[in-house]
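Here's the structure, in C-alpha cells; my notes come after.
The values are calculated or read from the model by the stated rules, or taken from the named source; none is laboratory data. In this text, all values refer to a predicted model and were calculated from it rather than measured experimentally. Glycine gets a Cβ as well: all are built from the backbone with ideal geometry, and neighbour counts include every protein chain shown. When the accessible area is computed, the model is the full protein with side chains, heavy atoms only, and any ligands, DNA or RNA have been set aside. Shrake-Rupley method; radii C 1.70, N 1.55, O 1.52, S 1.80 Å.
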Amino acid sequence: QVQLVESGGGLVQAGGSLRLSCAASGMLFSVNAMGWWRQAPGKQRELVAAITSGRTTNYADSVKGRFAISRDNAKNTVYLQMTSLKPEDTAVYYCNAPNGRLYNWGQGTQVTVSS
C-alpha cells in the first residue's frame with residue numbers, strides 16, 4: 001500500500017521561503033510522476049507542481065517562477081522549494097500523483113503565510 005508523508009510546513013512571513021518534503025513508500029517511486037497539490041480553506045484542491053520520472057517539471061501559473069519541484073529517487077522523496085511566499089499560498093500541501101489514478105492522500109502539511 002502506498003504511503004505518502006508530507007513535512008516541512010510552517011508559519012512564515014510574506015516574502016519568505018519554505019521547503020516541503022514528501023516521503024513515499026510502497027511504490028516504485030523512480031518510475032512515477034509526482035505532484036504537489038494544495039487546498040486552501042473553502043477551496044478545491046489544486047495541483048501546483050509536477051515532476052515526471054525524467055524530471056520534466058510543470059507549474060501552475062500562480063506559482064511559476066516562485067516554486068521549484070525536485071525529486072531524490074534514492075530517498076523516495078519529492079520536494080517543493082517555495083520562495084517569495086504570498087498570503088494566498090496559505091493552504092494544506094499534499095503530494096500525490098499529478099494525474100490519473102491518485103494514491104491515498106497523506107495528512108498534508110500546513111503552510112501559513114502572514115502578511
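If Ser21 satisfies every condition in (1) within 15 Å of the chain's Cα centre (by Cα); (2) modelled with pLDDT under 95 but one, which is the exception?
The one condition Ser21 does not meet is (2).
Look at Leu85 and say whether it is farther than 16 Å from Leu4 by Cα, modelled with pLDDT of 95 or more and either exposed (fewer than 15 other Cβ atoms within 10 Å of the Cβ) or not aromatic (Phe, Trp, Tyr) (or both).
yes
Being aliphatic (A, V, I, L, M) and farther than 13 Å from Cys95 by Cβ is the filter here, so list the residues in the range 1-54 that pass it.
Leu11, Val12, Ala14, Leu18, Leu28, Val31, Ala40, listed by residue number.
Report, by residue number, each residue of the range 88-113 that is within 21 Å of Ser53 (Cα to Cα) and either open to solvent by 50 Å² or more (accessible area, probe 1.4 Å) or over 14 Å from the mean Cα position of the chain (by Cα) (or both).
Selection gives Asn99, Gly100, Arg101, Leu102, Tyr103, Asn104, Trp105.
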